[in-house]
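> My questions will all concern the structure given below.
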Amino acid sequence: MGQIMGYFRHILFCLCIAVVAVPAHPASAERRVAFVVGNGAYQHATPLPNPSVDAKAMAALLRNVGFEVIEGTDLGREGTAARLGEFANKTNGADVALFFYAGHGISVNGKNYLIPVDAELNSELDIKLGAAVDIEATLDQTMADAKVKLVFLDACRDNPFADKIRSAARTRSVAVSSGLAEMRSSEGTLIAFATGPGQKALDGKQGENSPFTRALLKNLAEPGVEIRHALTKVRAEVSDETGKRQLPWENTNLTGFFYMNQAAAPAATTAAAPAAAPTGASNDIELEFWRSARGSDKPEEYSAYLARFPNGNFSALARARIAALQAGAGARGAGDETQSIATAVPTRETEEQLALDPRKRGDIQRRLTALGYATGAADGNFSDTTRRAIERWQTARHYPKSGYFNKLQHEALLAERLPVIRSVDRAPTAPRPPPQAAPAPAPAPAPVAAAPPPAPVNPAGAAFVGGVLGGALGSALRR
């Protein structure tokens, strides 16, 4: 029996070690890089109304789920080459690489090409001389090192280049198609087309997204939805919207499951690569919180969102909105420090720029305690309790409230006169004279207490003491 109990204790110990060894959060430090380009303002072909709108919307969505985006619209040959070079550098060692293109595309002899806005294609020779961009060669040169490779091509629109190239090739057969040809995907790659091989995709209405991109924006980053499931929904929605005239198509060779937005994704099925770090809060709550803040012209509302969801799905947009509002406020109130401190919203990034070490943090905590906004020991650790104390101080001063510091608010706190402060450590790089307390009014002199009356004398006692002292003195004199 003792051996059995010992065996179970050993198993329990091993299980505890295994639980400790499992990370508390799924891996979220992966590198995600995206190339997003929309070409519509063609100089020698039919202009397209949607690609620039499609590209901007897709870039915003990808940033929300953790991608670093190399973005461009209406790029010529040189601009396209520059963006692709940047993309190739960024994808070196990346976990996930994504390629999105909206605009004119063409297939010549089974090879697919993307068309810059300044391209003039009059013959097959123009293509061979580099006027168009070879898709397969580009993907091979820019995305080969990534573990997961995702390609979305909304480039099957009708254009006049196909007829020009056919007319120029009178002496031999040239297979030219306005749509794109089928492409085979390598290991770890998914390629999604707006429509089937050799078919033409629809543009949609002026100023709106194309049917394919609109369906991608709706389904691609849905929390907890695996990408192939999302594309199945995209295919159904596009087919329904276009009256079955357009049916998206994909070729996939992924070796595991991939979630563009991993929130609520099954932990055991994320084999391809982890997606954006989960926020740890209900997505419905976060979405409602964001809806209440978006469109606001008050930076503090975006800061409130970041304080609640620092790594949320919309954190990048919130920080960008704060930066834009601060830039506008700075332009309106340049040189007015009071206006700046009243509008500059502190964030986690602005506080990190202050390089507050534990000693400086302890100084801040002691000052907040002396001012009555914090309690407890000044341990140099900005816990939730300290963050709430900072918010109370900011509210009382009518500063933008976030629980973080920026340079202006930090200097304002250091300059405040403190009623009580002991052994405040100063930052060695910015010595300051000790705060001088305001002179207090001289206290009124305290009333002098009257001397107590003498105690009454006991005659008998006095006579007895006198007799004793006299007898002792007389005896001394006789000797």
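Read the figures in this text as sums done on the coordinates, not as results from a lab. Predicted model only: the values in this text are computed from it and were never measured. For neighbour counting, all protein chains shown are included, and Cβ atoms are generated from backbone atoms with ideal geometry for every residue, glycine included.
> Using a cut-off of 29 Å between alpha-carbon atoms, which lysines can reach Lys218, once sequence neighbours fewer than 8 places away in the same chain are excluded?
Counting by Cα, and skipping residues close in sequence, Lys218 has these lysines nearby: Lys56, Lys90, Lys147, Lys149, Lys200, Lys205, Lys233, Lys244, Lys298.
> I'd like the Karplus ³J(HN,Hα) series for the range 43-55: coefficients 6.51, -1.76, 1.60, θ = phi - 60°, whole numbers in Hz, and an x wherever there's a Gly or Pro.
Listing the rounded values in order: 8, 10, 8, 4, x, 10, x, 9, x, 5, 5, 4, 5 Hz.
> At 0.36 nm per residue, and after removing the present C-alpha to C-alpha distance, how many nm does the segment from Leu129 to Ala415 gain when stretched out fully? Intermediate results must be reported in sequence, preceding the final value.
Numbers: separation 286, 0.36 × 286 = 102.96 nm, distance 6.69 nm.
Here the segment from Leu129 to Ala415 would lengthen by 96.3 nm.
> Could I ask something else about it? May I ask you to evaluate 6.51 cos²θ - 1.76 cosθ + 1.60, the Karplus curve with θ = phi - 60°, for each residue of the range 210-216 and list the ³J(HN,Hα) values in order in whole Hz, giving x for glycine and proline?
3J(HN,Hα) across the range 210-216, in whole Hz: 5, x, 5, 5, 4, 5, 4.
> If the cut-off is a Cα-Cα distance under 19 Å, which lysines reach Lys360, setting aside same-chain residues fewer than 8 apart in sequence?
Counting by Cα, and skipping residues close in sequence, Lys360 has these lysines nearby: Lys407.
> Amide H of Thr73 versus every other amide H placed in the peptide plane: which residues, excluding those fewer than 5 positions away on the same chain, fall under 5 Å?
Distant-sequence amide H within range of Thr73: Gly38.
> Follow-up. Tell me, Ser402, Ser107 in order of fewest to most beta-carbon neighbours within 10 Å? Write out the running numbers ahead of the final one.
Details: Ser402 26, Ser107 22.
So the ranking, lowest neighbour count to highest, is Ser107, Ser402.
> Using amide H atoms built in the peptide plane, which far-off residues or other-chain residues are under 5 Å from Ala374 H to H?
Answer set, sorted by chain and number: Thr369.
> Once a ≥ b ≥ c are taken as the square roots of the eigenvalues of the Cα gyration tensor of the range 25-83, is the result rounded (a/c under 1.5), prolate (a/b larger than b/c) or oblate (a/b not larger than b/c)? It would help to have the intermediate numbers written out before the result.
Numbers: a/c = 5.56, a/b = 2.20, b/c = 2.53.
Taking the square roots of the gyration eigenvalues as a ≥ b ≥ c, the range 25-83 is oblate.
> Right, here's the next one. Treat each spin label as a single point 7 Å out from the Cα along the C-beta direction, and report the Arg397 to Ser296 distance in nm.
2.1
> At a 10 Å Cβ-Cβ cut-off, how would you order Tyr373, Tyr42, Tyr302, fewest neighbours first? Intermediate values should be presented prior to the final figure.
On the way: Tyr373 19, Tyr42 22, Tyr302 27.
Ascending Cβ contact count within 10 Å gives the list Tyr373, Tyr42, Tyr302.
> Which GluC sites (Glu not before Pro) does the range 216-247 hold that lie in a coil by DSSP with at most 10 other beta carbons within 10 Å?
none
> Here is a follow-up. Please arrange Ser296, Ser210, Ser383, Ser185 by counting, for each residue, the other beta carbons lying within 10 Å of its beta carbon, fewest first.
Numbers: Ser296 14, Ser210 26, Ser383 11, Ser185 17.
The fewest-first ordering by Cβ neighbours comes to Ser383, Ser296, Ser185, Ser210.
> For the range 224-240, take each phi angle, set θ = phi - 60°, evaluate the Karplus expression 6.51 cos²θ - 1.76 cosθ + 1.60, and give the result in whole Hz per residue in order, putting x for glycine and proline.
x, 9, 5, 4, 6, 5, 4, 5, 5, 5, 4, 4, 5, 5, 5, 4, 5
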